[in-house]
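The values are calculated or read from the model by the stated rules, or taken from the named source; none is laboratory data. All values reported here derive from a predicted model rather than from experimental measurement. In this analysis, Cβ positions are derived from the backbone assuming ideal geometry, glycine residues included, and neighbour counts consider all displayed protein chains. Note: accessible area is taken over every heavy atom of the protein model, side chains too, but ligands, DNA and RNA are not part of it. Shrake-Rupley method; radii C 1.70, N 1.55, O 1.52, S 1.80 Å.
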Amino acid sequence: MDSTADARFRDLRSTVYDYLDLVLVRCPRCAGAARVVRVPGDEGPGGRRLFAPRRLVCGGCGLFRTSGGVPATLPHGAAGPGTDPYFGRPLQLRQETRHGLLWAYNLDHLDLIRRFVGASLRERAPWYDTGRKMTLVARLPVWVKRAGNRDEVLRALDRMRARAHAEDGGA
């Protein structure tokens, strides 16, 4: 029964913006696991969360930095540089493959990619339906979407998840 659940993926039209409230990065001081989070209570100008101030916090060495109104720098396409858009720090969830760099902002983003890659049936929203057309999964690199690369990509995603859990103390 589990394989039936994994056999189908429906695109719920999420975009990269839906995964920016928590970004897992490498700490600039100790190279350990750090987090970039939205400053609580500040929704950004005009309530636009993308432009809200962010904090980089490292639980390992205690580093604490706040972005000073610097606009987010999002990658062009899904094959971006594998850095966070606020501080430019390397992402914690990144894995080099023979096809290219695979990355995710956080575990929810990683899970979405994993569900998409693992599905044998991938459904997009109907072409005539209104709403977002270029969703996060639509923007994934072609090599990630290819069925022939499925096993390799899933192994890379699993390694990223295992490494994140090991560095975070299993949380």
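List every residue pair whose Cβ atoms lie under 8 Å apart, where the two residues are 6 or more positions apart in sequence or sit on different chains, the first residue falls within the stretch 145-169 and is farther than 15 Å from R94 by Cβ, and the second residue, located anywhere, is part of a helix (DSSP H, G or I) and open to solvent by 60 Å² or more (accessible area, probe 1.4 Å).
L154/R114
What strands (runs of 3 or more DSSP E) lie completely within the stretch 74-151 and have 3 or more residues being in contact with a Phe, Trp or Tyr (Cβ under 8 Å, 6 or more places away or on another chain) and modelled with pLDDT of 90 or more?
Values: elements: 93-96, 101-104, 121-123.
Fully inside the stretch 74-151 and qualifying: 93-96.
Filter the stretch 1-26 down to residues that are modelled with pLDDT under 90, open to solvent by less than 90 Å² (accessible area, probe 1.4 Å) and not in a loop (DSSP other than H, G, I, E, B), then give me how many there are.
So the answer is 4.
Before we move on, is R29 at pLDDT 90 or above, farther than 30 Å from A147 by Cα, open to solvent by 70 Å² or more (accessible area, probe 1.4 Å) and under 16 Å from the mean Cα position of the chain (by Cα)?
For R29, the condition - at pLDDT 90 or above, farther than 30 Å from A147 by Cα, open to solvent by 70 Å² or more (accessible area, probe 1.4 Å) and under 16 Å from the mean Cα position of the chain (by Cα) - is not met.
What is the residue count in the stretch 34-70 for residues that are on the phi > 0 side of the Ramachandran plot and either part of a loop (DSSP other than H, G, I, E, B) or at pLDDT 90 or above (or both)?
Here is the first cut: in the stretch 34-70, the ones on the phi > 0 side of the Ramachandran plot are 41, 44, 46-47, 62, 69.
Pick out the ones that are also either part of a loop (DSSP other than H, G, I, E, B) or at pLDDT 90 or above (or both) and you get 41, 44, 62, 69.
Residues flagged as on the phi > 0 side of the Ramachandran plot and either part of a loop (DSSP other than H, G, I, E, B) or at pLDDT 90 or above (or both) within the stretch 34-70 amount to 4.
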